[in-house]
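K.L.:
I'd like to ask you about the structure that follows.
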Amino acid sequence: MTSVSGVVDGRVQCPPQASEANYNLREAFPDYPETLGRWRSASREVLQKLSPSVDVPYGTKPLQNLDFYRAADANAPLLVFIHGGYWQGGDKSDIGFIAGPFVAAGVSVAVLNYTLAPEARMEDIVAEVHQAIAWLRHNAERLSVDVRRISLMGHSAGGHLAAMMVVDDGAEASSRFPDVANVFAISGLFDLPALLPSSVNNALSLDVQRAEALSPILRLEPQTTKIHTLIGELETTQLHLQSFALAQRWRQVVAHYVVPGMDHFTVLEDLGRASSVYSQAIVRAING
């Protein structure tokens, strides 16, 4: 493995005193409340336009549900979107706008909720997302989606969760999803010990051992799933290093995009536009 500033042998290096500034992203980007307001407004518009099936349960807990945006054609590819919020915040209703350009391109979209920390441990959250994808696969015929053309997209913590769905667990591989076609990790987190000194960990209560066990970068990469990483140009140095380190560790990282002029939150607004070269690139990858 090569070594560059901030990444050594495929591991993200972060001085403890730099963790808060790099990983407390709502502090790093104080315009987040305004961005969230635009997300919610755009999501309401998409909700009215596309009339998805909302709050569809995939489990029995209150947040074990999803919104399903059906494409016009039968047997469509499926994109599963997993929201961010550091595993402790966020909601599918905030980011439904992301479905717009993909449904228009003939891709059905499922936007997930999951139980949040500290009510749920991160291990439980990983299991819930697994449960949601298993439910979608089991109901593929009813939803008129092609089980052979499922891709995952996640933002921030959602990027981590998407990557965790396709790690190769060896003897346990049948319990994961090695046949997922693509993972699109937007501003993802893959090497978790770097964020432990930050206030982000207050609700997570991770120690180093659990953080490493939950780090996709330390797990065997998928054998066939193509990994695409995407990040805003204006993100913190550590967030850029997270994607760089994953590309060093996982040969299945086939593309990396840096979106000019976008930060950790506004990057999603670009992807929510059909005219975006990045959303168009994702559609091409989904259609394979």
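K.L.:
Only Lys, Arg, Asp and Glu count, each charged at its Cβ (+1, +1, -1, -1), so figure out the dipole size of the range 117-227 about its Cα centre, rounded to 20 debye.
P.N.:
Charge dipole, the range 117-227, about its Cα centre: 340 debye, nearest 20.
K.L.:
Looking only at GluC sites (Glu not before Pro) in DSSP loops with at most 13 other Cβ atoms within 10 Å, what is the longest site-free stretch of the chain? Before the final figure, lay out the partial values.
P.N.:
Working: sites that count: GLU119, GLU233.
Of all site-free stretches, the longest is 1-118.
K.L.:
Gap in Å between the Cα centre of the range 32-111 and the Cα centre of the range 248-287?
P.N.:
If you average the Cα positions of each part, the centres end up 17 Å apart.
K.L.:
For a quick check: sort LEU79, LEU25, LEU196, LEU36 by the number of other beta carbons within 10 angstrom, fewest at the front.
P.N.:
Exposure proxy ranking, most exposed first: LEU36, LEU196, LEU25, LEU79.
K.L.:
Explain nothing, just the number: dipole magnitude of the range 191-244 about its Cα centre with +1 on each Lys and Arg Cβ and -1 on each Asp and Glu Cβ, in debye rounded to the nearest 20.
P.N.:
Taking the Cα centre of the range 191-244 as origin, the dipole is about 160 debye.
K.L.:
Next question. Can you work out the FRET efficiency for the pair VAL8 and ASP55, with r the C-beta to C-beta distance and R0 = 41 Å, to the nearest 0.05?
P.N.:
Between VAL8 and ASP55 the formula returns 0.35.
K.L.:
Express in nm, to one decimal, how much length is gained between VAL147 and GLU20 on full extension, taking 0.36 nm for each residue of separation and deducting their alpha carbon distance. Spell out each step's value before the answer.
P.N.:
On the way: separation 127, 0.36 × 127 = 45.72 nm, distance 4.07 nm.
Stretched out fully, the VAL147 to GLU20 stretch lengthens by 41.7 nm.
K.L.:
Only one of the listed values, [x] 18.7; [y] 20.1; [z] 19.5, was derived from the coordinates as Kirkwood radius over Cα pairs in Å; which label is it?
P.N.:
[x]
K.L.:
By its C-alpha gyration tensor, with a ≥ b ≥ c as the square roots of the eigenvalues, how is the range 168-241 shaped: rounded for a/c under 1.5, else prolate for a/b larger than b/c, else oblate? Each step should come with its number before you reach the end.
P.N.:
Values: a/c = 2.80, a/b = 1.28, b/c = 2.18.
Since a/c reaches 1.5 but b/c is at least a/b, the shape of the range 168-241 is classed as oblate.
K.L.:
If I model a spin label as a point 7 Å beyond the Cα along the Cα-Cβ vector, how far apart are those points for ARG38 and HIS256 in nm?
P.N.:
It works out to 2.6 nm between the two label points.
K.L.:
I'd like to compare 101-107, 274-280: which one has the highest average count of other Cβ atoms within 10 Å, and what's the full order after that?
P.N.:
Ranked from most to least packed, the peptides come out as 101-107, 274-280.
K.L.:
Which order results if ASP94, ASP124, ASP207 are arranged by neighbouring Cβ count within 10 Å, fewest first? Please list the in-between numbers first.
P.N.:
Values: ASP94 20, ASP124 14, ASP207 11.
Ordered by Cβ neighbours within 10 Å, fewest first: ASP207, ASP124, ASP94.
K.L.:
For the chain, what is the calculated [θ] at 222 nm in deg cm²/dmol (nearest 500), taking -39500 (n - 2.57) for each run of four or more DSSP H residues and dividing by its residue count?
P.N.:
Working: 11 runs with 101 residues, N = 288.
-10000 deg cm²/dmol, from helical runs alone.
K.L.:
Pop a pseudo-label 7 angstrom from the Cα along the beta-carbon direction at both ASP124 and GLU27 and give the gap in nm to one decimal.
P.N.:
Calculated label separation equals 2.7 nm.
Any read-out appearing in this document is the output of simple, stated calculations on the displayed coordinates, not a laboratory observation. The structure displayed is predicted, hence computed values, not measured ones. Please note: Cβ atoms are built from the backbone with ideal geometry, for glycine as well, and neighbour counts cover all protein chains shown.
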